[in-house]
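Colleague: Mind looking over this structure? Questions follow.
The values are calculated or read from the model by the stated rules, or taken from the named source; none is laboratory data. Not measured: the values here are computed from a predicted model. Heads up, the Cβs are rebuilt from the backbone with ideal geometry, glycines too, and the neighbour counts pull from every protein chain shown. Areas reflect the complete protein model, heavy atoms only, side chains present, ligands, DNA and RNA absent. Shrake-Rupley method; radii C 1.70, N 1.55, O 1.52, S 1.80 Å.
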Amino acid sequence: MTAPSTETGVLLSDAAAAKAKALLEQEGRDDLSLRIAVQPGGCAGLRYQLYFDDRKLDGDKVDNFGGVNLVVDKMSVPYLMGAKIDFSDTIEAQGFTIDNPNAGGSCACGDSFH
């Protein structure tokens, strides 16, 4: 899979962008970005963090999807190249999902990868 032509290398689906935008509007905040980061931890070695953030870090990569800024720090970019963030709202599952072609394997709980 070739990496998307975005600054971050990550794609935010229309559903995920709409949900993030709705959450921001609900909070009345227009100063926050959706940040995805890769941190050491979890049973498989690395885990995702997806959260709203008002910080601007040196070397951040930023893309705008449907009015939502998606931010990735420079250390996380190589781990997330080609990843797609989606939002699922079904009976089985509700929440943001991350499909990452760089993950060699993940743990049973799905919370971390290597």
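Colleague: If you take the square roots of the eigenvalues of the alpha-carbon gyration tensor of the stretch 1-98 and sort them as a ≥ b ≥ c, do you get rounded (a/c under 1.5), prolate (a/b over b/c) or oblate?
Modeller: rounded
Colleague: Using 7 Å Cα-to-Cβ label points, what is the M75/D99 separation (nm, one decimal)?
Modeller: 2.9 nm
Colleague: On the accessible surface of the chain, probed at 1.4 Å, how many percent belong to carbon and sulfur atoms?
Modeller: Percent of accessible area from carbon and sulfur atoms in the chain: 50.
Colleague: Using alpha-carbon pairs under 8 Å, 6+ residues apart, how would you state the relative contact order of the stretch 11-99 in percent? The partial results should precede the final answer.
Modeller: Values: 132 pairs, mean separation 29.0, N = 89.
It comes to 33 percent, rounded to a whole number.
Colleague: Rounded to the nearest 500 deg cm²/dmol, what is the calculated helix-only ellipticity per residue at 222 nm for the chain, with -39500 (n - 2.57) per DSSP H run of length n ≥ 4?
Modeller: -4500 deg cm²/dmol
Colleague: Per residue, how much accessible area does the stretch 11-99 show when a 1.4 Å probe rolls over the protein heavy atoms, in square angstrom?
Modeller: 58 Å²
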